[in-house]
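Student: Shown below is the structure under consideration.
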């Protein structure tokens, strides 16, 4: 099992912002990175927390992330917009997309913003939550470097995309879907290797024989100085045709419909990103719906509450309990604790390898935090 440490979320967000600014980011840009990574910790989604900073750091070191560039609105209509990330981070790009989509949905009921030419954006729950706070629904994702094989195939050609969708509720947890459209990604390989464990399923496709295995030993390619991002040389099996169909549909949303999108089939590998080929994301979208345009918002939240309550009243199977997706993370957010868990194998690479590059350390950052 992964070892964790308990840390003050204020310090963690301060350290992330401080380090990203030391790398050359503006305060606004750094705020978005700290917000999204901190949000994942507040939810308890540890693999979307501090460790994902490595993805933008790798892109920055490779020269495919322009930390000084600001994402630009390049085209728009009453209910839509397109943002060129200018090779910046996905954090800043998605924040601008989300805020624009929310503003347009308030006026026109439904809106969508597309983005492209940007890098990793971390946990998409952080952006969906912005719509929920406004009493709105949202659906958002981006594609990625190829991390999964087409169903029945042997080599990676598809993303392992994050997907978040949320519908507002009242007293009950919202209807909140937060998933990835493939069985595993690089973080799962890293965790298995770190703890000398097998994967949770036989999802690794040997590139020579096509045989499936749950042992990543022969395929994992660690990246020096990092603990969360890890490349791999095997294919990734998508186990269910349903997941495969959703993966392809999401690719259509992120890159095919996107006027500046690049499909996963045209994206570089993790190794190519390291070599400075192109940004790690080919396209993204943020779709927003303001239900108050179609009737009273309280009727929507009442229906959502009634539905969630009905689900939770279903008799559980022996040894199980009836769960609502996203409920645990929502409860954690409601508690608003100042203490969060952080994976140990994410902590050391950030404070020693990444922060150390700018003459910073955990001790120095703690001293600065205490003097604010």
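Student: Applying the selection to region 189-207, what residues are part of a helix (DSSP H, G or I) and either more than 22 Å from the chain's Cα centre (by Cα) or touching a residue at least 40 places away in the same chain (Cβ under 8 Å) (or both)? If you could, list the steps in order and put the result at the bottom.
Tutor: From region 189-207, those part of a helix (DSSP H, G or I) are 189-194; that's our starting set.
Correct list: 189, 190, 191, 194.
Student: Restricting attention to region 216-258, which residues are within 22 Å of the chain's Cα centre (by Cα), surrounded by fewer than 19 Cβ atoms within 10 Å (Cβ to Cβ) and in contact (Cβ under 8 Å) with a residue 60 or more places away in the chain?
Tutor: 223, 225, 243, 246, 248, 257, listed by residue number.
Student: Please work out if residue 93 is more than 30 Å from residue 207 (Cβ to Cβ), surrounded by fewer than 21 Cβ atoms within 10 Å (Cβ to Cβ) and at pLDDT 95 or above. Explain how you work it out, then say what you get.
Tutor: On the way: more than 30 Å from residue 207 (Cβ to Cβ): yes; surrounded by fewer than 21 Cβ atoms within 10 Å (Cβ to Cβ): no; at pLDDT 95 or above: yes.
No.
Student: Now, a different point. Considering only residues that are over 21 Å from residue 267 (Cβ atoms) and in contact with a strand residue (DSSP E or B) (Cβ under 7 Å, 6 or more places away or on another chain), which ones fall in region 56-73?
Tutor: Within region 56-73, 72, 73 meet the criteria.
Student: Among the residues of region 100-128, how many are part of a loop (DSSP other than H, G, I, E, B) and either surrounded by fewer than 24 Cβ atoms within 10 Å (Cβ to Cβ) or under 15 Å from the mean Cα position of the chain (by Cα) (or both)?
Tutor: Looking only at region 100-128, we keep the residues that are part of a loop (DSSP other than H, G, I, E, B), and these are 109, 117, 119-124.
From the residues that got through so far, the ones that are either surrounded by fewer than 24 Cβ atoms within 10 Å (Cβ to Cβ) or under 15 Å from the mean Cα position of the chain (by Cα) (or both) too are 109, 119-124.
Residues meeting the conditions: 7.
Student: Taking the stated definitions as given, is residue 324 assigned to a loop (DSSP other than H, G, I, E, B), over 30 Å from residue 156 (Cβ atoms) and in contact with a strand residue (DSSP E or B) (Cβ under 9 Å, 6 or more places away or on another chain)?
Tutor: Values: assigned to a loop (DSSP other than H, G, I, E, B): yes; over 30 Å from residue 156 (Cβ atoms): yes; in contact with a strand residue (DSSP E or B) (Cβ under 9 Å, 6 or more places away or on another chain): yes.
It is true that residue 324 is assigned to a loop (DSSP other than H, G, I, E, B), over 30 Å from residue 156 (Cβ atoms) and in contact with a strand residue (DSSP E or B) (Cβ under 9 Å, 6 or more places away or on another chain).
Student: Moving on to the next point. Can you find a residue that is closer than 30 Å to residue 329 by Cα and either without any contact (Cβ under 8 Å) to a residue 12 or more places away in the chain or crowded, with 21+ Cβ neighbours inside 10 Å (or both) anywhere in region 208-215?
Tutor: No; the residues of region 208-215 include none that is closer than 30 Å to residue 329 by Cα and either without any contact (Cβ under 8 Å) to a residue 12 or more places away in the chain or crowded, with 21+ Cβ neighbours inside 10 Å (or both).
Student: I've got another one for you. Is it the case that residue 175 is at pLDDT 95 or above and either within 21 Å of the chain's Cα centre (by Cα) or under 22 Å from residue 52 (Cβ atoms) (or both)? Even if it seems obvious, please write down each step before you answer.
Tutor: Working: at pLDDT 95 or above: yes; either within 21 Å of the chain's Cα centre (by Cα) or under 22 Å from residue 52 (Cβ atoms) (or both): yes.
So residue 175 fits the description; yes.
Student: Moving to a separate point now. I'm told residue 340 meets every condition in (1) under 29 Å from residue 172 (Cβ atoms); (2) loosely packed, with under 15 Cβ neighbours inside 10 Å except one. Can you identify the failing condition by its number?
Tutor: (2)
Student: Among the listed residues 173, 146, identify the single one that is within 29 Å of residue 69 (Cα to Cα), assigned to a loop (DSSP other than H, G, I, E, B) and in contact (Cβ under 8 Å) with a residue 60 or more places away in the chain.
Tutor: 146
Student: Still on this structure, I have one more. Hey, does region 180-187 have a residue that's part of a strand (DSSP E or B), surrounded by fewer than 17 Cβ atoms within 10 Å (Cβ to Cβ) and in contact with a strand residue (DSSP E or B) (Cβ under 9 Å, 6 or more places away or on another chain)? Show your work before the answer.
Tutor: Keep residues of region 180-187 that are part of a strand (DSSP E or B), which gives 180.
Checking which are surrounded by fewer than 17 Cβ atoms within 10 Å (Cβ to Cβ) leaves us with none.
No, there is no match, as no residue in region 180-187 is part of a strand (DSSP E or B), surrounded by fewer than 17 Cβ atoms within 10 Å (Cβ to Cβ) and in contact with a strand residue (DSSP E or B) (Cβ under 9 Å, 6 or more places away or on another chain).
Student: Would you call residue 153 in contact (Cβ under 8 Å) with a residue 60 or more places away in the chain and either in a loop (DSSP other than H, G, I, E, B) or within 15 Å of residue 39 (Cβ to Cβ) (or both)?
Tutor: Values: in contact (Cβ under 8 Å) with a residue 60 or more places away in the chain: yes; either in a loop (DSSP other than H, G, I, E, B) or within 15 Å of residue 39 (Cβ to Cβ) (or both): yes.
Here the answer is yes, as residue 153 does meet what is asked.
Student: Is region 76-83 home to any residue that is under 17 Å from the mean Cα position of the chain (by Cα) and either surrounded by 24 or more Cβ atoms within 10 Å (Cβ to Cβ) or within 21 Å of residue 293 (Cα to Cα) (or both)? Don't jump to the end; show me each part of the working.
Tutor: Residues of region 76-83 that are under 17 Å from the mean Cα position of the chain (by Cα), as a first pass: none.
No, there is no match, as no residue in region 76-83 is under 17 Å from the mean Cα position of the chain (by Cα) and either surrounded by 24 or more Cβ atoms within 10 Å (Cβ to Cβ) or within 21 Å of residue 293 (Cα to Cα) (or both).
The values are calculated or read from the model by the stated rules, or taken from the named source; none is laboratory data. All of these numbers come straight from a predicted model, not from anything done at the bench. Because the Cβ atoms are built from the backbone with ideal geometry, glycine has one as well, and the counts that use them run over all protein chains shown.
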